[in-house]
1. Within segment 101-113, does at least one residue satisfy the condition of being part of a helix (DSSP H, G or I) and touching a residue at least 24 places away in the same chain (Cβ under 8 Å)?
2. Quick check, is ALA278 in contact with a strand residue (DSSP E or B) (Cβ under 6 Å, 6 or more places away or on another chain) and either modelled with pLDDT under 95 or among the charged types (D, E, K, R) (or both)?
3. Looking at segment 151-162 only, could you name the residues that are assigned to a helix (DSSP H, G or I) and among the charged types (D, E, K, R)?
4. Looking for something touching a Gly at 6+ places or on another chain (Cβ under 8 Å) and small (Gly, Ala, Ser) - is there at least one such residue anywhere in segment 156-164?
5. So if I check each of LEU254, LEU243, LEU219, which one is among the hydrophobic types (A, V, I, L, M, F, W, C) and at pLDDT below 90?
6. Would you mind stating whether ARG76 is under 30 Å from ASP270 (Cα atoms) and either crowded, with 18+ Cβ neighbours inside 10 Å or not hydrophobic (A, V, I, L, M, F, W, C) (or both)?
7. Looking at (1) at pLDDT 95 or above; (2) surrounded by 16 or more Cβ atoms within 10 Å (Cβ to Cβ); (3) not aliphatic (A, V, I, L, M), which is the one condition that is false for ARG156?
Amino acid sequence: MSKLNASNTAYGTLFMRGVHQLLDAKPLILDDSAALTLLGEDAVRQIKNSRDHHQTLEARALRTHVVLRSRFTEDRLAEAVGRGITQYVILGAGFDTFAYRQPVWAKALKIFEVDQPATQAQKQLRLKQANMSLPPNLSFAGIDFEHESLYDGLLRNRVSFTEPSFFSWLGVTMYLKENAIDAVLRTIAQFPAISEITFTFSQPQDTLSAQESSFHASLSKIVSGAGEPFVSFFTPAAIKIKLHRAGFKTIAFLSKEEAEERYLHQRPSDLHIPRRSAIAYATL
């Protein structure tokens with residue numbers, strides 16, 4: 001993605017959350033009506049008129065991952081607030097909608113949406129077109145990572161390094177080189193104890209099952225076509241080593257079994273969770 005252009009995959013993620021609201025069975029994994037407002041009426045009509053396109057196994061699996069990672073992250077955030085977290089930093093925020101539908105327990109948080117300026121400009125335009133007001137506890141932290149580090153960008157945007165903070169980093173690491181990923185983890189590790197990060201990663205294709213490998217190849221082709229190819233892949237063991245080296249104390253992964261028990265057990269079987277874990281969380 002060029003610094004001059006907004007992220008295509010960020011909009012694609014918003015679109016999939018909208019599909020989930022309109023086409024998937026209730027109860028939803030992620031209740032995100034704000035996504036539909038942000039998408040606008042034309043996109044909503046497009047979704048409704050292309051139902052079959054969104055019901056292939058691959059489309060349902062990818063959509064499940066997208067809504068599941070947001071729901072799990074927000075559940076982790078709720079737990080973190082209970083132990084004293086005061087800042088929520090959304091790295092690669094894209095068209096995330098948490099701030100615009102935040103529950104009562106989040107009102108005391110300082111929320112920072114961190115992303116490239118071009119993506120944020122497009123989001124702010126959509127928010128204005130949709131007449132969505134900005135909550136008073138939200139700040140946009142535009143950072144041009146070609147000219148500024150995350151550390152410097154957070155400081156410039158008045159993110160406090162002395163307050164316990166929660167970081168979400170969803171659908172981003174696979175687009176970054178390894179040294180950039182390590183730099184982000186080292187920056188977050190400078191925050192106080194009990195701070196947490198929840199993030200996603202992509203596993204090497206040769207570690208996946210035949211079905212998952214085929215799905216991975218299809219997704220890689222799509223994002224490459226959008227000009228945002230995957231460049232980094234890690235096993236859970238490699239992620240665990242990275243987090244330990246950065247200074248994180250407690251490290252875990254959301255397993256398929258836990259995800260099914262927490263989010264799919266009491267709903268119809270229309271959605272599908274990949275077998276391999278791709279969601280990690282760690283605390284300082």
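The values are calculated or read from the model by the stated rules, or taken from the named source; none is laboratory data. Computed from a prediction, not measured in an experiment: that's the story for all the values here. Cβ: placed from backbone, ideal geometry, glycine included. Neighbour counts: every protein chain shown.
1. Yes, the conditions are met somewhere in segment 101-113.
2. yes
3. Scanning segment 151-162 gives ASP152, ARG156.
4. no
5. On inspection, the qualifying residue turns out to be LEU219.
6. Here the answer is yes, as ARG76 does meet what is asked.
7. Single failed check for ARG156: (2).
Conditions (1) more than 23 Å from GLY12 (Cα to Cα); (2) of a type in the set (D, E, K, R), marked per residue:
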residue: LYS48; (1), (2): no, yes
residue: ASP52; (1), (2): no, yes
residue: THR56; (1), (2): no, no
residue: ALA59; (1), (2): no, no
residue: ARG63; (1), (2): no, yes
residue: ARG69; (1), (2): no, yes
residue: THR73; (1), (2): no, no
residue: ALA80; (1), (2): yes, no
